[in-house]
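The values are calculated or read from the model by the stated rules, or taken from the named source; none is laboratory data. Given the structure is predicted, the values throughout are model-derived calculations rather than measurements. Neighbour counts are summed over all protein chains in view; Cβ atoms, including those assigned to glycine, are modelled from backbone coordinates with ideal geometry. In case anyone asks, the SASA skips ligands and DNA or RNA and just uses the protein heavy atoms, side chains included. Shrake-Rupley method; radii C 1.70, N 1.55, O 1.52, S 1.80 Å.
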Amino acid sequence: NHAAGADIAFAYVLELFPDRNAAATGAEAQDLIHVSGASVKFVQGTVLTIKTTGELNKKGLTHFMSANTTAETRAWLSAFELVPDVTVNWVGNDGTELDR
């Protein structure tokens, strides 16, 4: 579903499962989120959004993700910063920046 002529050598993907057990037992993922070119934003608390493009996904969507702790939220944002072409915004909707 990528643009004609686009040369994609590697894609970063999140697999979505209904629960932790399904992921641990090797069940088939419910959906795949291609994060290449995505915009990731800290919202508040332990919530962040992943806004994907339609280049590799069926269409561009905004996915909400909730971590268990603030430290885990920081880890996710830090990990997304390592993905080429992903922009990460550490400033929440209320203007407060999550400490790195």
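Before moving on, here are some points about what is shown:
- Under a 5 Å amide H cut-off, with hydrogens placed 1.01 Å from N, residue 88 pairs with 40 among residues at least 5 apart or on other chains.
- Net charge of the neighbourhood of residue 30, taken over other residues with C-beta under 12 Å away and scored Lys/Arg +1, Asp/Glu -1, is -4.
- Contour excess over end-to-end distance, with Cα ends at residue 31 and residue 44 and 0.36 nm allotted per residue: 2.2 nm
- Cα-Cα P(r), the chain, percent of pairs per 5 Å interval: 2, 12, 21, 22, 19, 14, 7, 3, 0
- Cβ charges +1 (Lys, Arg) and -1 (Asp, Glu), total dipole of the chain, debye: 140
- Taken per residue, the accessible surface of the chain reaches 65 Å², heavy atoms only and a 1.4 Å probe.
- Carbon and sulfur %, accessible surface of the range 27-99 computed with the full protein complex present, 1.4 Å: 52
- Summing charges over neighbours of residue 17, with a neighbour being any other residue whose Cβ is under 10 Å away from its Cβ, gives -3 when K and R count +1 and D and E count -1.
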